[in-house]
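**Q** Handing you this structure, nothing more for now.
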Amino acid sequence: MTLTTCTHPTTASVPDRPVVGVHATARILAAVRGGTTTLPVLDGDGPFELRRLHSHGTQARVCIVGAMSAPLGGDRLRIEATAQQGAALHITSAAATLALRGPTSEHATYDVHLTVGDHAQLHWLPKPLICAAGSDLRQTWTIDLAPTARLVLREEQILGRTGEPPGHVTTRLTVRRGGRTLLDQQAAYGPGEPGWDGPAILADHRATGQLLTVDPAFEEITPDVRLLGDAPQDGQAVLTPLAGPATLVTAAAPDSLRLRRLLDTAHNTYRQPITDPGPARGRDVGPPRVAAPPEHETQRHALAAR
């Protein structure tokens, strides 16, 4: 981790103002050893404390614990996670991530780089990101998948805590499979972004998120487009097949609790068992699944957004 300080150019009317930010990169590496997934690299840095959780079958599980308030203005944060051939890796977080303005008006960056090898699977399922008033965050996911890799990725943004205006956030999700682009999209919400709170985008909702599932099983059976949620005022989600073995669920809701329910419901609408001959298992398995969180956990998510 590095703590950087720089000075803005001096003008006749503006005094020198130091800009301070944390530069940190956390690294996770999962590999198969003796028929199960191990973690030969688990390096936390800066605000990222990495905790090894009890494994689930052959799957290794990691929890990201916040060691300090982050991201703040000026921070440059990065997480790199790799699941090597045949490995199974599940990554979550202990609590919601809270983006704050910090001591400077400079934007913060939070970059996630995921690499998944052949016959490997990675679940990226952290708690939501809350963009507090005055924050300015640029978040990216860059994902490289082998042709037989499987991925479940969930991302959720809560725009402002209860009773306050939203912060500003831009997100970009880039997924490559076998070296070819599977998905590349960008979104921006908050002050200064035209139309973000209009009827064509979020309207009155302040929670939005996506669930991306990539699985070779979708090459055999393509799921249908589905709309979930009967009442628009309570939030809705749409499940859309992509031009590849993948589905993308996009949802908008009034709050984090209803957003999570929509994403979980959408994920459970399609499950198809497949045979994975990968070296770690070599037996019949189903596509990656996201278990519905316990009721007390979803309640905790809702309280975190307050």
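**Q** When the residues of segment 190-209 are narrowed to those that are open to solvent by less than 30 Å² (accessible area, probe 1.4 Å) and closer than 17 Å to residue 107 by Cβ, which ends up farthest from the chain's Cα centre (by Cα)?
**A** So, considering only residues that are open to solvent by less than 30 Å² (accessible area, probe 1.4 Å) and closer than 17 Å to residue 107 by Cβ, the one farthest from the chain's Cα centre (by Cα) is 196.
**Q** So, one more: Looking at the structure I just gave you, is residue 187 surrounded by fewer than 16 Cβ atoms within 10 Å (Cβ to Cβ) and under 20 Å from residue 260 (Cα atoms)?
**A** No: the conditions fail for residue 187.
**Q** Suppose we filter segment 98-123 for residues that are within 11 Å of the chain's Cα centre (by Cα) and crowded, with 18+ Cβ neighbours inside 10 Å; how many remain?
**A** Result for segment 98-123: 4.
**Q** Then there is this: Of the residues 66, 57, 86, which is within 21 Å of residue 149 (Cβ to Cβ), small (Gly, Ala, Ser) and at pLDDT below 95?
**A** When all the criteria are applied, what remains is 57.
**Q** Quick check on residue 77: is it assigned to a loop (DSSP other than H, G, I, E, B) and closer than 16 Å to residue 109 by Cα?
**A** Considered against the rule, which asks whether it is assigned to a loop (DSSP other than H, G, I, E, B) and closer than 16 Å to residue 109 by Cα, residue 77 comes out as no.
**Q** Follow-up question, since we're still on this one. Anything in segment 124-153 that is open to solvent by less than 10 Å² (accessible area, probe 1.4 Å) and polar (S, T, N, Q)? List them, or say none.
**A** The one that is open to solvent by less than 10 Å² (accessible area, probe 1.4 Å) and polar (S, T, N, Q): 135.
**Q** Okay, moving on. Does residue 89 satisfy the criteria of being open to solvent by less than 10 Å² (accessible area, probe 1.4 Å), out of contact with any Lys or Arg (no Cβ under 7 Å at 6 or more places or on another chain) and in a strand (DSSP E or B)?
**A** yes
**Q** Please work out which one of (1) acidic (Asp, Glu); (2) part of a loop (DSSP other than H, G, I, E, B); (3) modelled with pLDDT of 95 or more is the condition residue 106 fails and give its number.
**A** With (1) acidic (Asp, Glu); (2) part of a loop (DSSP other than H, G, I, E, B); (3) modelled with pLDDT of 95 or more applied to residue 106, the lone miss is (3).
The values are calculated or read from the model by the stated rules, or taken from the named source; none is laboratory data. Note that the structure is predicted; figures quoted are calculated from it, not measured. Reconstructed Cβ throughout: ideal geometry from the backbone, glycine too, with neighbour counts over all protein chains shown. Accessible surface is based on the protein model in full, side chains and every heavy atom, while ligands, DNA and RNA are left aside. Shrake-Rupley method; radii C 1.70, N 1.55, O 1.52, S 1.80 Å.
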